[in-house]
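Nothing in this text is a laboratory measurement; each read-out follows from the coordinates by a stated rule. Predicted, not measured: the structure shown is a model, and the values here were computed from it. Every residue, glycine as well, gets a Cβ built from its backbone with ideal geometry; the counts of neighbours run over all protein chains shown.
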Amino acid sequence: MSFFKKLKEKITKQTDSVTEKFKEGLAKTRDSFAGKVNDLVARYRKVDEEFFEELEEILIQADVGFDTVMELIDELKMEVKRRNIQDPNEMQAVISEKLVDIYKGEEEGTSELNLQEDGLTVILFVGVNGVGKTTTIGKLAHKFKSEGKTVLMAAGDTFRAGAIEQLEVWGERVGVEVIKQGAGSDPAAVMYDAIRAAKSRKADILLCDTAGRLQNKVNLMKELEKVKRVIEREIPGAPHEVLLVVDATTGQNAMIQAKTFKEATNVTGIVLTKLDGTAKGGIVLAIRNELNIPVKFVGLGEKMDDLQVFDAEKYVYGLFANLIDKETV
């Protein structure tokens, strides 16, 4: 059975609507990336060095990342030799298989959040302004509440004008309480209040917003460390997740942000927003492979339930859906 058929069988058993969300959300990347791969396959009669050079260029244009592209091309060349592949048409399934392998690496289940079975789970959100951080917190609050969990949100972005109000709007929308202080107050003090409130209400999850930390603002990075120290002092082992929110449409700039935040704090996962708005969805692979940080959620649209847990196989299906559906009919 081909890789495409195995993949289609597996994801069909797992889900229905979620798979469709990946298919719809990755339409721009699919039209660009898969379209170029299809064209490449159609123009070549054999898999040779020129074929790989063009494929390399297509992958780089999709923001897969230079180091990841070089690794992928080397692995593809080895696979072609091992299987003695001559027909370019066979390469689409091989590329898909290697994309899944590269994302997963040696780890399994890395998209799952570190939720505590007993007691409070604290999730800290970091990222520069304008990437959709507050919206992500609101959508995750909705997700957790719909699963029957008691959720609170902490308005730790006390510097940006309107940030507290924006989180309050989300709180009202999803029916989740927001713990806040006045604009300009100490973010660490907000976190202290939020943790006390979460404990007294026996909350399951506390979602903590923070200011947009610009990469060159050393003092803001120090402020973030102070916030983390307060959280850890009140709840040993917390925060249980530090999620970096980045905008997929910014491409390689998202990589730069991820590298900077990884150096400044212990980022445990990435939330990649606006993936549906870019043709360069390969950034998912670049972040995972080059920084070894798992992508935990991806934004596939504007609706409340369009923030989805990342799944490497559904992602590859989204990239090659037209070809997979055609082959497995």
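Restricting the first residue to segment 242-255 and requiring it to be on the phi > 0 side of the Ramachandran plot, which pairs with a second residue that is assigned to a helix (DSSP H, G or I) and buried (at least 24 other Cβ atoms within 10 Å of the Cβ) meet a Cβ separation below 8 Å and a spacing of at least six or different chains?
Taking only residues 6 or more apart or on different chains, the pairs are 251/283.
Which one of these is of a type in the set (Lys, Arg), more than 13 Å from residue 156 (Cβ to Cβ) and in contact (Cβ under 8 Å) with a residue 12 or more places away in the chain: 199, 228, 222?
Answer to the selection: 199.
Looking at segment 286-320, which of its residues are among the acidic types (Asp, Glu), buried (at least 19 other Cβ atoms within 10 Å of the Cβ) and over 20 Å from residue 143 (Cα atoms)?
313 - this is the single residue of segment 286-320 that is among the acidic types (Asp, Glu), buried (at least 19 other Cβ atoms within 10 Å of the Cβ) and over 20 Å from residue 143 (Cα atoms).
Please verify whether segment 173-188 includes one or more residues that are assigned to a helix (DSSP H, G or I) and of a type in the set (A, V, I, L, M).
Looking for residues that are assigned to a helix (DSSP H, G or I) and of a type in the set (A, V, I, L, M), one finds at least one in segment 173-188, hence yes.
So if I check each of 95, 123, 73, which one is touching a strand residue (DSSP E or B) at 6+ places or on another chain (Cβ under 6 Å) and outside any loop (DSSP other than H, G, I, E, B)?
Checking each option against the conditions leaves just 123.
Output the residues belonging to segment 281-329 that are within 21 Å of residue 33 (Cβ to Cβ) and more than 16 Å from the chain's Cα centre (by Cα).
317, 320, 321, 322, 323, 324, 325, 326, 327, 328 - these are the residues of segment 281-329 that are within 21 Å of residue 33 (Cβ to Cβ) and more than 16 Å from the chain's Cα centre (by Cα).
Just checking, how many residues over segment 46-69 are in contact (Cβ under 8 Å) with a residue 12 or more places away in the chain and either under 22 Å from residue 323 (Cα atoms) or part of a helix (DSSP H, G or I) (or both)?
Total meeting the criteria: 16.
Take the residues in segment 36-71 that are in contact with a Lys or Arg (Cβ under 6 Å, 6 or more places away or on another chain) and of a type outside the set (Gly, Ala, Ser); name whichever of them is surrounded by the fewest Cβ atoms within 10 Å (Cβ to Cβ).
Ranking the candidates gives 58 first.
Being in contact (Cβ under 8 Å) with a residue 24 or more places away in the chain, aromatic (Phe, Trp, Tyr) and not in a helix (DSSP H, G or I) narrows it down to one residue among 261, 297, 320; which is it?
Matching residue, one of 261, 297, 320: 297.
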